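Q: Following this message is one structure expressed as structure tokens.
The values are calculated or read from the model by the stated rules, or taken from the named source; none is laboratory data. None of these values were measured; they are calculated from a predicted model. Ideal geometry is used to build each Cβ from the backbone, glycine not excepted, and the neighbour counts take in all protein chains shown.
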Amino acid sequence: MEPPVHPHDYEDLTPLDAQRITAESMPRHLPGTPQVVPRLPQMPDVVVQLFSHQSTVEPILVPAVVEPLLVLVLAGTARVEERSLGGTWTAVQVQAGDFFLTNTSEPYEMRWQTIGGDTFEVMHLYLGLPLIDQAARDLLGEHTASVTFLDVSGARDERVNFMLDQLRLELIEEPEPSLLFVHSLAQALTVHLIRRYLDLHSAPRRSNALQAYKLRRVIDAMNEHLADEFRLAHLADIAELSEYHFSRMFKRATGLAPSQYFIRLRMSRARHLLLETDRSIIDVGLEVGYSSPSHFSQVFRREVGVTPSAFRQA
């Protein structure tokens, strides 16, 4: 059964929050030709996407995602314009090797004009929150709050360039990508981002977020009971908080309400089972708490962007 909607879960949500999507769904919101990049099911914290773009005159609404997004320009030159909704356009000219870092909780608009008729090729990398939290605890202390990165547009950083390119080569060129190598690159990149692009001014807004050690306990409990009904009261007890305060602090720490985060964990487990086992889609749905195959398919498509059968075939 899908977790029910709890009033506390959505008390802080605005219409903009409702436009958040999963990293896997982003290709449906962008123009251009996406290239399928192999995903390592054992490592859901790294999502890589490749795009080939032409000029885009009409503004594109880019939905917000929970994970920070890194974009590396692989080929071509373009003038890229960005703005917050209702804001003023800012422009930057970029070429191969330049990168963007976006860590916003709100949708924004983009448009770009290729220069010289070139195709504009980019790589997207989404780093999962657990990976970022682990690096933050290593660098900033065990009880550090969740970190937020600065927004960077069209900068050049040779370390970012090198590590993103190595990730791309490992996932695209190698017939059997190494989980250890990909994970090591992702960890090293995350450490570098925290050291160089940490948004120190966001710390006051995170002061009321759920403490890291409590967050780990709650997420561990969620993972242990993915097939069970979502129980907000039980999770609040683990965090030693009232349901009201737990919901608010959990959302500040992760960007998602507890029930929404629980669904994402279910879908992550479902993706792993679909790719790594021969179990039927019905069995996979049952293992992650959905007794109705149609309901499982509906939720999976909403969260991942395709049906379970299409995901397995791809």
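Q: Can you tell me which residue among ARG79, ARG83 is modelled with pLDDT under 90, part of a strand (DSSP E or B) and not small (Gly, Ala, Ser)?
A: ARG83
Q: Here's another thing I want to ask about it. Do we have MET163 as of a type outside the set (Val, Ile, Thr), free of Cβ contacts under 8 Å to residues at least 40 places away in the same chain and crowded, with 19+ Cβ neighbours inside 10 Å here? Lay out the reasoning, then the answer.
A: Numbers: of a type outside the set (Val, Ile, Thr): yes; free of Cβ contacts under 8 Å to residues at least 40 places away in the same chain: yes; crowded, with 19+ Cβ neighbours inside 10 Å: yes.
So MET163 passes the test.
Q: I've got another one for you. Closer than 20 Å to GLU224 by Cβ, in contact with a His (Cβ under 7 Å, 6 or more places away or on another chain) and in a helix (DSSP H, G or I): does that describe SER259? Even if it seems obvious, please write down each step before you answer.
A: Values: closer than 20 Å to GLU224 by Cβ: yes; in contact with a His (Cβ under 7 Å, 6 or more places away or on another chain): yes; in a helix (DSSP H, G or I): yes.
It is true that SER259 is closer than 20 Å to GLU224 by Cβ, in contact with a His (Cβ under 7 Å, 6 or more places away or on another chain) and in a helix (DSSP H, G or I).
Q: Working only within the range 236-256, note down all residues that are farther than 16 Å from PRO130 by Cα, out of contact with any Ser or Thr (no Cβ under 7 Å at 6 or more places or on another chain) and either assigned to a helix (DSSP H, G or I) or assigned by TED's automatic domain parsing to the domain that holds ASN103 (or both).
A: Of all residues in the range 236-256, those farther than 16 Å from PRO130 by Cα come to 236-249.
Still in the list and also out of contact with any Ser or Thr (no Cβ under 7 Å at 6 or more places or on another chain): 237-249.
Correct list: ASP237, ILE238, ALA239, GLU243, TYR244, HIS245, PHE246, SER247, ARG248, MET249.
Q: Is there any pair linking a residue in the range 257-282 that is in the same structural domain as VAL306 (by TED's automatic domain parsing) and modelled with pLDDT of 85 or more to one that is of a type in the set (Asp, Glu) and in a helix (DSSP H, G or I), with Cβ under 6 Å and at least six apart or on different chains, and which?
A: ALA257/ASP9; SER259/ASP9; MET267/GLU303
Q: Continuing with the same structure: Inside the range 43-63, can you point out the residues that are modelled with pLDDT under 80 and under 16 Å from the mean Cα position of the chain (by Cα)?
A: Of everything in the range 43-63, those that are modelled with pLDDT under 80 and under 16 Å from the mean Cα position of the chain (by Cα) turn out to be MET43, PRO44, ASP45.
Q: Looking only at the range 122-148, count how many residues are in contact with a Phe, Trp or Tyr (Cβ under 9 Å, 6 or more places away or on another chain) and at pLDDT 90 or above.
A: Residues that pass the stated criteria total 3.
Q: Would you please name the residue that is farthest from HIS29 (Cα to Cα), looking only at residues in the range 92-134 that are free of Cβ contacts under 8 Å to residues at least 60 places away in the same chain and in contact with a Lys or Arg (Cβ under 6 Å, 6 or more places away or on another chain)? Full working, then the answer.
A: Here is the first cut: in the range 92-134, the residues free of Cβ contacts under 8 Å to residues at least 60 places away in the same chain are 95-96, 98, 100, 102, 104, 108-113, 115-118, 134.
Keeping just the survivors that are in contact with a Lys or Arg (Cβ under 6 Å, 6 or more places away or on another chain) gives 98, 109, 113.
Working: ASP98: 22, GLU109: 12, GLN113: 18 Å.
The selected residue is ASP98.
Q: While we're on this one: Can you list residue pairs whose Cβ atoms sit under 7 Å apart, with the first residue in the range 212-232 being closer than 17 Å to LYS251 by Cβ and assigned by TED's automatic domain parsing to the domain that holds PHE262 and the second being in a helix (DSSP H, G or I) and of a type in the set (Asp, Glu)? Count only pairs 6 or more apart in sequence or on different chains.
A: If the second residue must be in a helix (DSSP H, G or I) and of a type in the set (Asp, Glu), the pairs left are ALA212/ASP133; LEU232/GLU243.
Q: Filter the range 92-121 down to residues that are of a type in the set (D, E, K, R) and buried (at least 17 other Cβ atoms within 10 Å of the Cβ) and give me whichever is modelled with the highest pLDDT. Full working, then the answer.
A: Just the residues of the range 92-121 that are of a type in the set (D, E, K, R), to begin with: 98, 106, 109, 111, 118, 121.
When the remaining residues are screened for being buried (at least 17 other Cβ atoms within 10 Å of the Cβ), the result is 98, 109, 111, 121.
Values: ASP98: 95, GLU109: 89, ARG111: 89, GLU121: 90.
Once the filter is applied, the top-ranked residue is ASP98.
Q: If you don't mind, another one. Here are ARG217, ARG231: which of them is within 26 Å of VAL284 (Cα to Cα), basic (Lys, Arg) and in contact with a helix residue (DSSP H, G or I) (Cβ under 6 Å, 6 or more places away or on another chain)?
A: Residue meeting the stated conditions: ARG217.
Q: Give me a count of the residues in the range 122-149 that are surrounded by fewer than 19 Cβ atoms within 10 Å (Cβ to Cβ) and either acidic (Asp, Glu) or under 23 Å from LEU72 (Cα atoms) (or both).
A: Number of matching residues: 3.
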